[in-house]
Structures are given as structure tokens and as C-alpha cells.
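The next block holds one structure in the form of C-alpha cells; read it before the comments.
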Amino acid sequence: MAAAFTIVPRRALGGAGFTAPSEELTKAVIGVGGMGKGHLSYEGARLVAVCDVDRSHLNEVLEATERGVKGFHDYREVLARPDVDIVHIATPPHWHGIIAAEAAKAGKDVWCEKPMTRTIGEGQKVVEAVQRYGRVFRLNTWFRFRSEFYGFGTPTAPIKKACHHRMFGWPLKITIGSTTGFNWKFQWSGRTDLTPQPVPDELDYDFWLGPAPYKFYHPHRTHGTFRGYWDYDGGGLGDMGQHYLDPAQYFLEKDDTSPISVELDAPQQHPDAVSSFRRIVFTYDDGCQIVLDGEGADQNAAYIEGPEGKLYPKLESDIPNFQKKLDELPDLPPRITDFSESVRTRQPFALNETSAHRSCTLVNLGKIAMQLGRNLSFDPIQQRFIDDEGANRLVDPPMRAPWKI
Amino acid sequence: MEDLKIRNKVNFIFSALFAFFAVQFALNAYAADNLEILLSKYPAQSPRSAAELSTQLLNLGPEAIAKLCERLDPNGESDDHAARYAISGVAKHVSNTNFSKNRGTVERGLLDAFEAELDPEVKRFLFEQLQLCGGNRSVDVLENHLSDPVVCSDAARALAAIGTKKAGKALVRALDGGANECKGAVIQSLEHMQFEPAVSELAKLASANDSLRTQALWALAAFGTKKAGDAIHEITGSIADPRNTGLANLYLAYAESAVREGNTRDAAEFAAEALHHEAQSQVRCAALNILADADPETAHDEAVIGLSDLDPAYRQVARSIFHEFHRPVWQTPEKGSETFDAEPAFRMLFNGEDLTGWRGDTDGYVAENGVLTCRPGGNLYTEEEFSDFVFRFEFKLTPGANNGLGIRTLPTGNAAYTAIELQILDDDDEQYAELQPYQYHGSIYGVVPAKRGYLKPDGEWNRQEVVVRRHHITVILNGTVIVDANTQLASENGTMDGRDHPGLARTKGHIALLGHGTVVQFKNIRILEL
């Protein structure tokens, strides 16, 4: 049978194995009102297009970037362009899943903001699309491979090494809260007193809503404060959850699975507006646990506690000669931490669609528990709740037509 | 006397009625008071108190819930917070499978609210609750709203979430007659529910209705049945323009659904069409992946060809499929020594006991107990010649080790130039600190540098796979791809080391172990010819 004619960009042909091809990679950023602005200057690819449903955001960015960068209102036009290699997604979370999946099906590689998807079901569909269509994906969190880990005060590499070599034993309990260096940012709460306001001229509110249910416009629902509403995100948990939980999942070696139970202590949540939680506990099959301490209740909590030792911020431990013992152990093998290398070689990035979906699932499990106000049991293989019809209806809720994933 | 009896009877009746209404009034007042008291407790401060409040509300019955709905203010102007917390709280409560016996109470209360004229915002709020906890009882009221352009979308979503046959039938009925704008939402709900009886209606819509054709086709693609596939084929013909990504993706979406349904024949047919007619990388990748699920044998054959494809993404998919097919089963180590089960299609080149099948510096190599040791020695060649193949082996380095794997070699000569040499080297040894990138382990010596950092420490066994197909060479070390290159392209503007490598043009030759004066050990040397 005749071989299919392939349109392969010259830069992908790899003239000399892994050395940098002469043609650079290109990118488009979708959603430039907030975090998206930061994406404009991320290294590794040249910006060719920006997209936003708010004309004022779009114009502001176009004025500040080089000439030659094109502006778009409709992300679908961006995805149809052959001169875009990588798509950066920095819209509010309720749009992440649709755009990521469609980008993969349009042949683009994806760099997506956290949280990866608003629902577990969308996350599964993104993983499927990225893997089926042979694309590479990365999430915009990075603590598992670089930078200082918030108030913990050190990078995560030594923590991972210690856990991998079982210096604390197994299973482990990780506590994430103000006493171990992490702020849950409950200022991202929604308002319950909204009244209808006129939609500003520059905002295409229907497009902004996209798959989310129609609700009357109020500025607090959009732009800088969308995090306060279940329809678009999940408050402080939605904002910071994946940054804090992704390294924890990595330490616990749970990149390919999920907890079997979620326990919740929180005030009743408003149907539309997100407020706070006091405590959420995830428990895995093997006994590992992640505790989200929203109130800073555990004053003396270790960040990691195991049967054979504990780890505190600044890498302090109750294990004698901890640092020396750690230094003597072999390092873990390297992974790809430069996204453009993943794009060129087609090898998965250090934080790819599979691991990102699972750490986002932790966030979404917490959100569902909060919304319903109860403890939940979860099947990590089917990725569905056990004996809870309501929770399962929140895994994959129908989207507002014509938008779908 | 008769008058008195009648009058007494009438008095009695009036008294009874009066008493009845008085009691009702008192009960209602009592209930209303209770409702007010209950409302004042929202929002609950914990999961347990939320459950208690919901239980109390359920005890007040559907009338109480309907009363709460009356308080809902669409514009957020009066304080209906407590009502919203109470209504959504009880809907969430009964959505728990353990409390589903109470669902009826909530549904009846919410549905009763629809007797009155409701603002669209209020309707949407109620539909949202039904989306979470509704069942068949709610279908009729929801169906009534499927032709209301303001709220049909929300009603359709609630029906999709309810997901029963009754809900599906209501949606199908709504496809007939009425405005297009609501039908889009209805189509999407049928797709979301995967309601199979809708296929024939969707097919009719896709043929007859121009404005809904695309939506209806995509909805059909969500069903993996033969009927849906036939409808898609009939309406679209087949893939005419290879650059029509939209159509190719439609076919792939159908093929994916068909795989899920177990309809492998149609899945394979649609996937194969996309594979052979489409030029875009991601479409070919998806087609091959789906084909691997629908028809593994054909996919394997395509994958073998794909190992040397020009598109790195497609090559990666081809490799994964190939590996799935020829997966070695590694045994967990007992006391540090690992064994594996030979992959059925692979042939051992080294018998573990002696140098049968090998020639050259046979004094420099010794075979014992499954291990082939370069003592040190020079070059050892296979007696056979190979063209395209997958070669797998394990090797163990000593400090400073330097050896090489010759590919398509002549029986003699410097394989690095007259053939192809894949370096075998102890990268981290001090003496090798200043080498050129193309001299490190795994590199196509002088031509393509390998990724570094994936060797195990000295004294541990490494696993390596070398895929050689036409001009494409892939080296996978301990599970990581460290070389993936087309040697023609890599050398078209000259080689990295600036020297002539006539061996790159060879299409056939021996495989060789190229000793360079150090001790290296090998085992489990096997090959699959392509």
C-alpha cells in the first residue's frame, strides 16, 4: 500500500539527532487577561499569536508585544493555524479541558495553566486526546523539578530522594498548611450577593462563559475573581491545590493513581460561591495520606511523617545526620525539564498529562467533597465514586451547548 | 324535631370543618415557624449539621421545599441566601445514594414550584438541583421546557444527567419540530447520554437539516454502532480531501467510539481510512493508535513501517505499538540477578554456552553461564547478516569500559566508518570527561550524539534496544530513548566529526561487538528481523 504523504515541519526532522534544529518553535497564548501575560515571555518558542474574548485585554497585550504577533477573538482560529506549534492555555479553568483536547486534535502541543481541568471527566478526556493524537503536554506548575517550594524553603529534589530511598519508611503522611509552609488563599471566595450588571462592551460574555451554565453577568464572576465560583474554578483549593499537591503526589509515587477516600471538614458551601475548608484528608490504598490543613490546626505537624522519621520545613528532620545520609544515596535519573526538548523529541515532559491529571484529580476530589458536604469513596481505576450518584454526576457534568469536550 | 336534627347535623359539620381548618392553620403556622427556625440555621457549619438540617427539611415535606422555592429572587435583591443554601443543601443530601429514598420528597417540592410563573433564573437554579438529584419523576417538567429558547439548554442538561430511558425518549421527541436553537442542546444531551435509540433520528437530522448537520454528525460519531457508522459514511461519502482535518477527526471520533462498543470491524475500517488518506501528524498518530486497539495485527505491520517514518510523533506511536506487541516480561530479581522471558518473535543470537554463530576474535571473548565476556578482546561478528531489525541485549560495564556495537558491518575493517558503530562507553569515567558529544555511550559514533545520564552505575546490568529500519536508528537505554535519528538526514550536510562515513549507506551486514581493550559483559543477545 502507498505510504501516506506526510507534512512534517522541517524542524521536526532532526538534522543531527538531539542538537538544536535551525528552525525555532512557535507558540500562541490563549487567555491573556491574567496569568497568560506571563506566558508570553516563557522561553523556548517564538510568540506568533494571542487570543482573548475581552477586546481590551487583547489590545493591551498586542500593543506591548512585537509587531507580527496576531490577535484573535476565537481560539478555534488559532488552532487552525499551521504556523503554531505550541498552544499555551491561560483561560479560566472551565475552558482548559476543551481547548487542550481540541488543540491536541489540531496537532498542537499543549502548555496548560493549573488547575489542569475543572472536572475529573475533562481531565480524562484531555489525557486521552493528548496520548491518542501523539502530542506532548505540560502543566504550568514546576515544583517537582525546580524552584523553592513555597514556605518549605528548599527545592523538592532532596525531598523526593529521601522518600524514594525510604528514609522515613512507608507509608507516609504529608501535611499541607500554614504550619508546614503553605497558604491556602481563602481570599478567593465568591460573593453571594451578586445582582445583574450590564456586560461591558469589550467582553464577549457568552464566549467567556462557554461551557459554563448561563448566569447573569457581574464583574466579580469574571477576570481577576473567577476563582470564587464553582462554575469556573474552586477557590483557594483550585488556585493553589495543584502547585502544592503535585509534588506531594510525586513524593508518594502516586502519579498513576488516586486516593480511595476523601474526608472533609468544612462549612456548608453556597451552590454558586466557593468559601473555605477546615480540613481535607486523602487516603490511598497503601495507607499513604495527604492532609490539607486549611485552618493551620496542626501546629507541630511535620511536612512528611513516616514510621521511621519525619521531615520539617527547611529540610529539618528527626533522623540523625539526615543531610549526610541523604548525600550518600544515589540521585534519581534525569527527566526532561525543558518543554521544547519534549516537543522536538516527542518524549514525555517531567510533568505530563498523566501525572498532571492525577494531581488535578486530587484538587477535584476535594472540590466535590466540599460542594456536596460529605466524605467520599473513590475507585482510582474507574475514576468514579463508589455508592454516590451525586458525586458521579459531578465528575462529568453536561456542558452548555454548543461547547463540549 | 326533624329541624333540630338537621340543624345539629349542620352545626356538627360546620364545627368539624372549622376544627379541621383551625388545625390545618395551626399546623401550617407551626410548620412555617419551623421552617423559619430551620432557615435561620443556614449555612450549616459542618457536614454533620448540614445533614441534620437537610433531614429536618425533609421531615417538613415537599410543601416546605416548594415554599422555599417561592422565596428565590432571580436578581439577588432580597435575601434569599438561606433558601438557596437550604434547597441546594437538601438536593445534595438526597443525591447521596444512601439517601436516595428521600429523593422523591425533594423532586416533588421542586417540581411543584413550577406550577407558578417562574423567572428564568429561578428555573435555571431549580434545573441545576434536578441535574444533581433528579430522576424519572422530573422528566415531564423538564421536557416541557425543551422548546423554550431561554432555558431549554439547562433543561436538556438536567435530562442528560438523569440519563434514564425516559429522559432519552423525551429528548428524542424534542428533535421533531420546533426551533433549531433548542435542538442543538438536545442533540448534545443525547450525545452525552449515549442514548442509542436516538441514532436514527440523528441520522435523519444530519441528512435533512443543513444548519444542524455538523452537530448531528458529531453526535453520531459518539455512538460506536454499525448503524451510526453507516449513517456517517452515507452522509459524508468518504475522506475526499486529505487535508480536511475536521472530517478525518470525525472519522477518528467514530472509530474511537466503535472500539469502546467492541465494534472492531468498523473501528478498523474508519481508522485505516484516516491513516491512509490523511497527511497531518496528529491524525496519523490517532489512526494508528486506534487501529492498534481495533486490529492489532494490521497495526503491528503498520508500526514496523512506521519505525522509520519521517514524523517523530508518528515514529513514537509506532514504537509504542511495536513494544506492546513484543514486550519482554521481566522477572522480579531474586538476590540481585534478573531474568526475563524471551519474547516469542525474537531469536537468541548468543546461546549462553559457547560462541556458535559468532566469528572473529573468538579468543578475546568467553561464554559462560549465559554471559558473554569481552576479556578484553577485539571484534566479534555474527556469522549471519541482517538488514532491518530490532536488536535487544544487556550489558555490564567495568570502570573506564569502552566497546561498541557494529551495525551492518563488513567482516573486517573499522566499523565506525565502513559500517555504523553505536558506542558502548562508561561515560562518567574521568578519562572520558572531554570527549565530543558523538563519542558518548549510545551515540552513532561520529554522526549522532546520544542523550546522556541513563546508564546504570558500573557493575549493574543495563538493557538496551536498537531499532534499525532503513536509514532510521533508535537506541533505547534502560527504557529511555537516547538516539532517534535518520542517518541520511543527519549527515546530509556532512557528519559531526567531519569524516567520511560510507558505512551509513550500507543496507545489510553483520552485527559486531567491537572491543577496544576493556572488559565488558553481555547477555540475552537477541534479534527480531523486520
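For this structure, a couple of remarks:
- Gyration tensor verdict on chain B (Cα atoms; rounded if a/c is under 1.5, prolate if a/b is larger than b/c, oblate otherwise): prolate
- Neighbourhood charge, 14 Å Cβ-Cβ cut-off, centred on B:Leu35 and excluding it, Lys, Arg +1 and Asp, Glu -1: -2
- Mean ellipticity per residue at 222 nm, deg cm²/dmol - from DSSP H runs of n ≥ 4 across the protein assembly as shown, formula -39500 (n - 2.57): -12000 deg cm²/dmol
- Modelled FRET efficiency - R0 25 Å, B:Glu430 with B:Glu368, Cβ distances, 0.05 increments: 0.25
- Each other residue within a Cβ distance under 14 Å of A:Pro398 adds +1 if Lys or Arg and -1 if Asp or Glu, for a net charge of +1.
- In sequence order, calculated HN-Hα J values of segment B:500-511 (Karplus, 6.51, -1.76, 1.60; Hz; x Gly/Pro): 6, 10, x, x, 5, 8, 5, 10, 7, x, 7, 9
- Distance (nanometres) between label positions extended 7 Å along Cα→Cβ at A:Glu60 and B:Glu383: 7.8
- Distance violations [Cα-Cα > 29 Å] among B:Lys101/B:Lys204; B:Lys101/B:Lys226; A:Lys37/A:Lys367; A:Lys114/A:Lys161; B:Lys123/B:Lys226: B:Lys101/B:Lys204; B:Lys101/B:Lys226; B:Lys123/B:Lys226
- The gain in end-to-end length when the B:Phe21 to B:Asp230 segment is fully stretched comes to 68.7 nm, 0.36 nm per residue minus the alpha carbon separation.
- At an R0 of 60 angstrom, the distance between the Cβ atoms of B:Asn414 and A:Glu308 translates into a FRET efficiency of 0.65.
- Label-point gap, in nm, between B:Lys101 and A:Gln323 - each point 7 angstrom along Cα→Cβ: 6.3
- The B-A contact accounts for roughly 5800 square angstrom of buried accessible surface, both chains included, probe 1.4 angstrom.
- Annotation: amide H of A:Trp111 within the under-5 Å range of A:Val87, A:His88, A:Ile89, A:Arg138, sequence separation 5 or more or interchain, hydrogens built in the peptide plane.
- Computed E for A:His165/B:Arg213 - FRET, C-beta separation, R0 51 angstrom, nearest 0.05: 0.30
- Per residue, in Å², the accessible surface of segment B:61-159 once ligands and nucleic acids are set aside, probe 1.4 Å: 38
- Dipole magnitude for chain B: computed about the Cα centre from +1 point charges on Lys and Arg Cβ and -1 point charges on Asp and Glu Cβ, it is near 1340 debye.
- Cα gyration tensor shape of segment B:462-530, rounded if a/c is under 1.5, else prolate or oblate by comparing a/b with b/c: prolate
- Relative to the longest principal axis of the Cα atoms of chain B, helix B:264-277 runs at roughly 60 degrees.
- Each Lys or Arg adds one and each Asp or Glu takes one away; over the other residues whose Cβ falls under 11 Å from the Cβ of A:Thr257, this sums to -4.
- Among the cysteines of the protein assembly as shown, A:Cys51, A:Cys112, A:Cys163, A:Cys288, A:Cys360, B:Cys69, B:Cys133, B:Cys285, B:Cys374 have no other cysteine beta carbon within less than 4.7 Å of their own.
- Per-residue Karplus couplings for segment B:196-202, computed as 6.51 cos²θ - 1.76 cosθ + 1.60 with θ equal to phi - 60°, are listed in order as 4, x, 7, 4, 5, 5, 5 Hz, Gly and Pro entered as x.
- Gyration tensor verdict on segment A:323-405 (Cα atoms; rounded if a/c is under 1.5, prolate if a/b is larger than b/c, oblate otherwise): oblate
- Gain on full stretching of the segment that runs from B:Asp33 to B:Arg173 - 0.36 nm per residue minus C-alpha separation: 46.0 nm
- Distance from segment B:75-131 to segment A:243-299 (C-alpha centre basis), Å: 29
- Modelled spin-label separation between B:Arg260 and B:Asp112, with each label point placed 7 Å from Cα along the Cα-to-Cβ direction: 4.0 nm.
- Rolling a 1.4 Å probe over the protein heavy atoms of the protein assembly as shown, with every protein chain left in place, gives an accessible area that is 50 percent carbon and sulfur.
- Heavy-atom accessible area per residue - segment A:21-180, 1.4 Å, Å²: 35
- Nearest-20 debye value, chain A charge dipole, Cβ charges on Lys, Arg, Asp, Glu: 600
- In order along segment A:338-351, the phi-based Karplus estimate (6.51 cos²θ - 1.76 cosθ + 1.60, θ = phi - 60°) of 3J(HN,Hα) comes to 10, 4, 5, 5, 4, 4, 6, 9, 6, 9, x, 6, 4, 10 Hz; Gly and Pro are listed as x.
- Note on A:Thr195 and A:Ile260: the extension gain reaches 19.4 nm, defined as 0.36 nm multiplied by sequence separation minus the Cα-Cα distance.
The values are calculated or read from the model by the stated rules, or taken from the named source; none is laboratory data. Here the structure is a predicted model, which is why all the values come from computation and not from measurement. Here Cβ is always computed from backbone atoms with ideal geometry, including for glycine, and neighbour counts include all displayed protein chains. Keep in mind that these areas ignore ligands, DNA and RNA; they rest on the heavy atoms of the full protein, side chains included. Shrake-Rupley method; radii C 1.70, N 1.55, O 1.52, S 1.80 Å.
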